[in-house]
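Remarks on the structure that follows.
Each value in this text was obtained by applying a stated rule to the coordinates, not by laboratory testing. What you are looking at is a predicted structure, and each value in this text was computed from that prediction instead of being measured. Virtual Cβ from ideal backbone geometry, glycine too; neighbours counted across all protein chains shown.
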Amino acid sequence: MSMNKFMHPRNIYKTPPNFKELAIKYPEFRKHSKQELSGKTTIDFKDPAALRALTTTLLLKDFNLTVEIPLNRLVPTLPLRLNYLLWIEDLIVASKLGVSREIHGIDIGTGASCIYPLLAAKTKGWRMLATEIDEESVGCAQRNVLANDLGHEIEVKRVDADVILNGVIDEGKQYTFTMCNPPFYGSEKDVITSDNRSSNRKPPSNSPTGSMGELVVDGGEVNFIRNMISDSEALGTRVSLYTTMVGHKSNVNLLKGEIAAAGACNYGSYEFCQGRTTRWGLAWTFKDSVKTMVDGLVANKKSKLKPPFSYVLPKGGDDEAYSLETVVESLKEIINRLELQCKEVKRTKVMHGFTVTAWRNTWSKQRHKRRVAQGKSKEEAGEEAGGRGQGPEAQGEDGCEPLAVSNPEGSKDSSSSPPNKRPRLETELPVDSGSGSRGGAELQSSSRGDTFVMDKGGLPLLKASLVVKCVSSDIILEMAWLEGLSGRDAVHQVLQFFKNNLKL
Ligand code: SAH
């Protein structure tokens, strides 16, 4: 089954291009094409020059763009580039950002091809600011802009390597969105050994292209995107919608946690499916009105993102105890008791953000101990549940009192099942290669009673973001599920545990 069916619905390459026609009409493409015994016209996907001929030919044929791409730089593949742009377009439309306003985007790391700004300006009429650190790529990108007469729409700016967004944005200017295809790797070694997909997946059919400078950055994509998130936090609503591509699946939820902790109003992700490669899009915003998820997109239906569970701490009368610091201290004590791993990701005067990870279910055990201490027999507990006519769902797994935490979408969630495995693609089109990893360890777990024991490198039972924040005079706890075998219900249970044990 072809994965092309998961491409964005408006992606013109859902129907693969006809290589025979391309070879007949375009001499440059013909030079790199060959005819198989079966009569099928093909190219050598391991040859960067052939890949470049395919991309430049399609840019000319389908978008009337003449593009120079040096062979020592990344050759962009178009299905992925279009998937990303179309998703941004969906978010802009859903958020009504283009109504009576010009769309002005920023492409961070535009590369020599300047591919995103060229496509955005040519096909959508958007204005674009393109940044790049590599001098040779900047020169080439500028030539591409001029060759296509898009100098009014696109500005290419050389920036220093330690700059992502801060210092790029003109004072007082408002931007619609940012986008970025970041360097995915932390080292050259990672690039070389990147093809660590599970053995049942075919490697990408095309050869890797691009210089090490384009593919590698200190700390890999996580560090790069972390800096982007931090810059976005400083810029806030000056940009309506922040987006980035993510190359490794295992980083998606991790980064979502950081986005949540940075205080974004909304955030969401989307899968870009093309060829044998999947990439991910992350979107976040500091504007309430801006949407980061689009209804009706196939991949979004599979998204694991749901709004966080939240709980407003009741005021107990002791005003001094009702402070952020006291609540955080008390929470840390409970977190220790539950043996959760806890990492502080963000701290301001009005909020503390953490990620918490559980490798086994310690909260239900506590409940069990409590029950034992209360001298309740198992039968009694069963009777109690049955007597109220509520199953474990209604009561929460630990049979706590009815739920007082709120979650707009309810606590039950079918997406807690193992990650959806996509079918493999027999591709006609080349796909981005090099970053290879599908990310995330294989799911391997065993259970002993109610305690999961995880293999090293596997998924935890639960990983969630935890935000404690002051809003007006209230203190609010927010927990969002990031990943884990237990599914989202565990977040609800842990938050319930916090609620029952917080002593103010
Ligand atoms: N956008 C292009 C190129 C992506 S490769 C495409 O999709 O094909 C990543 C690019 O980011 C490289 O060209 C690299 O030189 C550039 N880059 C790395 N760090 C950067 C930074 N801090 N600011 C801007 N560009 C950066």
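For this structure, a couple of remarks:
- Extending 7 Å from Cα along the Cβ direction at Lys96 and again at Asn166 yields two label points whose distance is 3.5 nm.
- Karplus-derived 3J(HN,Hα), 6.51/-1.76/1.60, for each residue of region 495-504, Hz, glycine and proline x: 4, 4, 5, 4, 4, 6, 10, 5, 10, 10
- Long-range HN-HN contacts of Gly109 with modeled amide H, under 5 Å: Thr131, Glu132
- Remark on Met293: its backbone amide H falls under 5 Å from none of the residues 5 or more positions apart or on other chains, H modelled at 1.01 Å from N.
- Computed from backbone phi, the HN-Hα couplings of region 320-328 come to 5, 6, 8, 9, 4, 4, 5, 5, 5 Hz, rounded to whole numbers (Karplus: 6.51 cos²θ - 1.76 cosθ + 1.60, θ = phi - 60°; Gly and Pro given as x).
- Full-stretch length increase - Asn223, Lys46 - with 0.36 nm per residue and alpha-carbon distance subtracted: 60.7 nm
- Rounded to two decimals, the Cα radius of gyration of region 101-157 over 2.2 N^0.38 Å is 0.98.
- Note, ³J(HN,Hα) from phi for region 166-176, Karplus 6.51, -1.76, 1.60, rounded to Hz, x at Gly and Pro: 5, x, 8, 6, 5, 3, x, 8, 10, 10, 7
- Sparse-neighbourhood loop sites, GluC sites (Glu not before Pro) in region 33-106 - DSSP loop, at most 16 other Cβ within 10 angstrom: Glu36, Glu68, Glu102
- Taking all Cα pairs closer than 8 Å and separated by 6 or more residues, the relative contact order of region 4-300 comes to 18 percent.
- Interchain or long-range residues, amide H under 5 Å from Ser240's placed H: Tyr175, Thr176, Phe177
- For region 1-105, the set of trypsin sites (Lys or Arg not before Pro) satisfying both a DSSP loop assignment and a count of at most 13 other C-beta atoms within 10 Å is given as Arg10, Lys40, Lys46, Lys96, Arg101.
- Each residue of region 4-300 gets 134 Å³ once the volume of the Cα convex hull is shared out per residue.
- Ascending count of other beta-carbon atoms within 10 Å, so fewest first, for Glu233, Glu339: Glu339, Glu233
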